[in-house]
Amino acid sequence: MGTQNCIEPPLQVLEQALQAGITMFQLREKGEGALTGKELEMFASECQKLCKQYEVPFIVNDHIDLALKIEADGVHIGQDDMALEKVRSKFKGKVIGVSVHTKEELVQAVNQGANYVGIGPIYETKSKQDAKKPAGVAFLQQARMLYPNLPIVAIGGITVHNAQPLKKSGADGVAIISAICQSEDCRPVVKSFQSIFEA
Ligand code: 3NM
């Protein structure tokens, strides 16, 4: 999430999500009204502090220099960002996640040592301005068949009502913005996702 996604105070949302049991947090500060510069760094540090308290990895989307500066646990990059090999040279031993949308992108990410891949958008999403067309579960299933042990996270328009098929299709987990950030109290939402994936 980013501050721009939240209807409640962002640090409150993050803390409640951590209390409820999220297993990873990715700071994705993007789009209209997004924090920048010193403000972003201060917010990132607050998020990082909370994640440390709950022993949950703290990942930064896109802002590679910021991730390096505050010693985040890793970064998440898209296809238009810095090449994975170059990012790896800066983040040895840390988590690098990559968004992939095609088999070619997937194979390349794996060959270059991505620690996990994000596959989406599975469903229609309002949270990403340049999102591709919803892809459903077909590519997710294909990715799982190709790489039985690769950590795969499904993303895009996922709610507690449509997450079940994703587990069946091979996702290890789900990456969520709206369903968590647009709820008044995200704790029951996080718990519901958890019960789907732990079942
Ligand atoms: N990446 P929500 S879809 C950040 O397809 C992001 O790579 C996507 O937000 C991709 O849970 C997406 O509100 C938005 O749909 C996810």
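Values in this text are rule-based calculations from the coordinates and carry no lab data. A quick note: this is a predicted structure, and the numbers were derived from the prediction, not measured. Don't worry about glycine lacking a Cβ; one is built from the backbone with ideal geometry, like all the others, and counts go over all protein chains shown.
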Stretch in the chain that is longest and holds no trypsin sites (Lys or Arg not before Pro) that DSSP places in a loop and that have at most 13 other beta carbons within 10 Å = 1-91
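Please work out how much length the chain gains when fully extended from GLU104 to THR23, using 0.36 nm per residue of separation minus the C-alpha to C-alpha distance, in nm with one decimal. List each step's numbers first, then the result.
On the way: separation 81, 0.36 × 81 = 29.16 nm, distance 2.82 nm.
In short, 26.3 nm is gained.
Just flag the GluC sites (Glu not before Pro) in segment 65-116 sitting in loop per DSSP whose Cβ has no more than 15 other Cβ atoms within 10 Å. Provide the component values of the computation, followed by the final result.
Numbers: sites: GLU71, GLU85, GLU104, GLU105; in loops: GLU71.
Here the sparse-neighbourhood loop sites are GLU71.
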Contour minus end-to-end for GLN142 and ILE70, with contour as 0.36 nm per residue of separation and end-to-end as the Cα-Cα distance?
-> 22.3 nm
Size of charge dipole - the chain - debye, nearest 20, with Cβ of Lys, Arg +1 and Asp, Glu -1, no other charges = 520 debye
The rounded separation in angstrom of the Cα centers of segment 81-135 and segment 1-35 is 20 Å
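Decide, for segment 101-199, between rounded, prolate and oblate: order the square roots of the alpha carbon gyration tensor eigenvalues as a ≥ b ≥ c, take rounded if a/c falls under 1.5, and otherwise choose prolate if a/b is larger than b/c, else oblate. Mind dumping the intermediate values first?
Details: a/c = 2.02, a/b = 1.49, b/c = 1.36.
Here segment 101-199 falls in the prolate category.
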Taking N as the number of residues in the chain, what value does Rg over Cα atoms divided by 2.2 N^0.38 Å take?
-> 0.96
